[in-house]
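The values are calculated or read from the model by the stated rules, or taken from the named source; none is laboratory data. Note that the structure is a prediction, hence the values are computed from the model and not measured. Here the Cβ positions follow ideal geometry from the backbone for every residue, glycine too, while neighbour counts run over all protein chains shown. Calculation scope for accessible area: heavy atoms of the full protein, side chains included, ligands and nucleic acids excluded. Shrake-Rupley method; radii C 1.70, N 1.55, O 1.52, S 1.80 Å.
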Amino acid sequence: MEKKPRAAGDGQGGGEASGSGGGGLVDILPEALLVEVVGRVGLEAACSAAASCRALRGAAGAALSSVASLDLSAFTPTNAIANRILAGNGRLRSLAINCSLLNDSAVAAIAKESLRELSLLKCSSFSPYLFVVIGERCTNLRSITLEMANLNGSEHFVICRKSIAHMFKGCDYLENLSLKFPLLAPGSVDFDSLVPVIPGTIKVLLLMPVANWQAKKLFPISPSAKTPFSDSLESLSLVLDIITDELVTFITRSLSNLLELCLEDNPGSEADLDNDLTNIGLQALGLCQNLTHLSLTRGKQGCSSTFRRVNDFGLLMLAEGCKQLQTIRLGGFSKVRDAGYAALLHSCKDLRKFEVSTASCLSDLTCLDLDEAATKITEVRLLSCGLLTSETAISLSSCTNLEVLDLSGCRSIADSGLSSISQLSKLTLLDLAGADITDAGLSALGNGSCPISSLCLRSCRRITNNGIASLLCGSGIINKTLVAFDIGNVPRISGRAVTLIAKNCERISSLCLRNCVLITDPCLETLGLDRHGSGKSTLRMLDLSYCTRLSRNFLRLFDPLVDPPLFRGLRWLGVGKNVLERRGGSPTVAEILERKPGLTICGSNCEMGCRNQCHPDVRTL
């Protein structure tokens, strides 16, 4: 079925026009009616309306003028849209906003005296003026997050640093501070000069990236050299070049009231054995008997470096000292065996969340006989643990309050494990990426009682369309609860599976079809239609990277001028670099973005929604 473009002002649909054009019939409706309608459709739909035409942009601004909390992190507003939505709101107390398309023109609308919480994400075009205005106007801020995606040159960075310091002087009540420079190397950010001006009221602090030598300066052992917030700090998160015993000792001795500690490093190559984290560092952590949350992780995916000098004895000492832990996250402990991990599970009586990644010596014995811990644990993540089998899944089925189970990268999890998991009545997230499951396992899950809202089956290469049918058409409830579904890199998934998802998943909002090479244009047409009477598709994010059988002109399916319009409400589309480099396709990426300002098209092969990624918007490529 070929979709034919319609003219922007032909009267059909009345509201889907280019971001700079008129709204057709919408323009002649009474303003009071538009404000009433936009006020009832929710934040996401209101932002979508603001992006469609001038009349709805004004109505969205009026409807949102009294909202106390706005989260625009999943939306990419332009300066004009941000000013419309925020300018008239004098009651806003909490704001999170994606700043990738914003510059100083939006500063006046963002910096409000009423704000208590402010998160500025993926900032790339602001000048130091931003920080000066925040410091002068937002004097009642309790929490601020700054994520700088781009700093043009060292001179510009020095100016920004001084302006950030000026901002702190105006925020006397700040309790939560996050400073993120994800594109810079550890040591590039001069945090030393910022620390003396950080208010002594800070309780939660996140800094990235930080060099080891910098961190030791930030948290000196000597009482005379302590920072203003040493006695008030309760939560510390650092992204480092390397974690060492000396650094851990500095932190534990200088921060007496620490409750949460998150340390992450990525050495790039194997760390020097004489300058690394060892059992001594974990023994020092054991002295922090009030710790409730602990995260120690090394390396991203593909990093071979591990904590080679930590073994079971180190975790035994940690378990003995930190018995109040409620959340444990460990990554890269290649020499720790089952005894060490089991000691934590059995010693920490209030444990709720347990995560271990890239643990080559962790086996099914770790989760055997969980006893008292089983009823309290709500989240288990065992990532890329090659020795785990379905026996672990069977053991975890005794955790009756389990809400999150992530076994991604555990390739020996098979169908028998799914049969046990399917009876967990509170499970909402299940990740089985790379598991050795078949259609029979999906049938058990489809007939189970799990209210799963997020399911990942990526790289489960034995799954077929029949398995998707058994999953979504069984006697269970998953087809009514599923919101996020990842079936990327499954070679036998075709258009039939996509059609089943479109027809049976009433609430599907995020769908990953990455590297599903049998996907074609017709099945996407089915996916983009409104099938549940809401007036638009429920889909908000769609990943089509490396779907090589899509036609050169498949982007026409996302053109709002197509009649009837498809994928109404879509916020993020992953297409991969190959689509951006194509020539002769119609419409082009630029044309789609001009007609749908609320849509982000990612050509950088990011994961869904560009999570934790900072890169230039595709409009600027």
request  = Show the residues, 5+ positions off or on another chain, whose built amide H is closer than 5 Å to the amide H of Ser237.
outcome  = Leu205, Leu206, Leu207, Cys262
note = With all protein chains present and a 1.4 Å probe, the order of His293, His166 from largest accessible area down is His166, His293
ask   = Stretched out fully, how many nm does the piece from Lys335 to Tyr173 gain, at 0.36 nm a residue minus the Cα gap?
value = 53.9 nm
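Applying 1/(1 + (r/R0)^6) with R0 = 30 Å to the Cβ-Cβ distance of His346 and Glu113, what FRET efficiency is obtained, to the nearest 0.05?
On the way: r = 51 Å, r/R0 = 1.71.
E between His346 and Glu113, to the nearest 0.05, is 0.05.
What does the extension gain come out to for Ser475 and Thr201, with contour length at 0.36 nm per residue minus their alpha carbon separation?
Values: separation 274, 0.36 × 274 = 98.64 nm, distance 5.41 nm.
Taking 0.36 nm per residue and subtracting the Cα distance, the gain is 93.2 nm.
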note = Shape call for the stretch 404-460, from the Cα gyration tensor axes a ≥ b ≥ c (a/c under 1.5 means rounded, otherwise prolate when a/b beats b/c, else oblate), comes out oblate
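Determine the equivalent ellipsoid of the stretch 305-429 by diagonalising the alpha-carbon gyration tensor, then write out the semi-axes as square roots of 5 times the eigenvalues, largest first, rounded to whole Å.
Details: eigenvalues 97, 61, 25 Å².
Semi-axes, largest first: 22, 17, 11 Å.
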request  = Indicate the helices, whole DSSP H runs only, in the chain that combine a mean Kyte-Doolittle hydropathy of -0.5 or more with a Cα extent along their long axis of 15 angstrom or more.
outcome  = 154-170
request  = Using a 1.4 angstrom probe, figure out how much accessible area the chain has per residue, in square angstrom, rounded to the nearest whole.
outcome  = 40 Å²
ask   = Per 10 Å bin from zero, what fraction in whole % of the C-alpha pairs of the stretch 201-357 is there, up to the bin with the longest pair?
value = 11, 44, 36, 9, 0
remark   = Note: Leu368 to Glu36 extended length (0.36 nm per residue) minus current alpha-carbon separation gives 113.8 nm
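Tell me, what is the FRET efficiency for Lys162 and Lys226 to the nearest 0.05, using R0 = 22 angstrom and their Cβ-Cβ distance as r?
Step by step, r from the Cβ atoms, then E = 0.35.
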note = Over 21 Å (Cα to Cα) among Lys180/Lys353; Lys203/Lys226; Lys480/Lys503; Lys180/Lys335; Lys335/Lys376; Lys353/Lys426 -> Lys180/Lys353; Lys180/Lys335; Lys335/Lys376
remark   = Mean 1/r over distinct Cα pairs of the chain, inverted to a Kirkwood Rh in Å, yields 26.3 Å
key: Of all accessible heavy-atom area on the chain, the percent that carbon and sulfur account for (1.4 Å)   = 50 percent
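Please report the antiparallel percentage of the DSSP beta bridges confined to the chain, to the nearest 5. Write down the numbers at each step before the final one.
Numbers: 2 of 86 bridges.
Rounded to the nearest five, the antiparallel share is 0 percent.
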message = With just the Cα atoms defining each centre, how far is the stretch 58-94 from the stretch 373-412? Give it in Å.
response = 41 Å
ask   = With every protein chain present, what accessible area does Asp231 have (1.4 Å probe, heavy atoms only), rounded to the nearest 10 Å²?
value = 100 Å²
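In whole Å, what three semi-axes, largest first, describe the equivalent ellipsoid of the stretch 440-522 built from its Cα gyration tensor (square root of 5 times each eigenvalue)?
Working: eigenvalues 70, 36, 26 Å².
So the equivalent ellipsoid measures 19, 13, 11 Å along its semi-axes.
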query = How many nm is it between the label spots at Ser66 and Ala590, if each spot is 7 Å from the Cα in line with the beta carbon?
reply = 4.4 nm
remark   = Rounded to the nearest whole number, the per residue volume of the convex hull around the C-alpha atoms of the stretch 354-488 in Å³ is 83 Å³
request  = Provide, in order from the shortest bin, the percent of all Cα-Cα pairs of the stretch 54-149 in each 5 Å bin, continuing until the bin that contains the maximum pair distance.
outcome  = 3, 15, 27, 29, 19, 7, 2, 0
query = Under the rule of -39500 (n - 2.57) per DSSP H run of 4 or more residues, summed and divided by the residues of the chain, what mean residue ellipticity at 222 nm is obtained, to the nearest 500 deg cm²/dmol?
reply = -7500 deg cm²/dmol
request  = With r as the distance between the Cβ atoms of Asn275 and Ser551 and R0 = 60 Å, compute the FRET efficiency 1/(1 + (r/R0)^6) and round to 0.05.
outcome  = 0.65
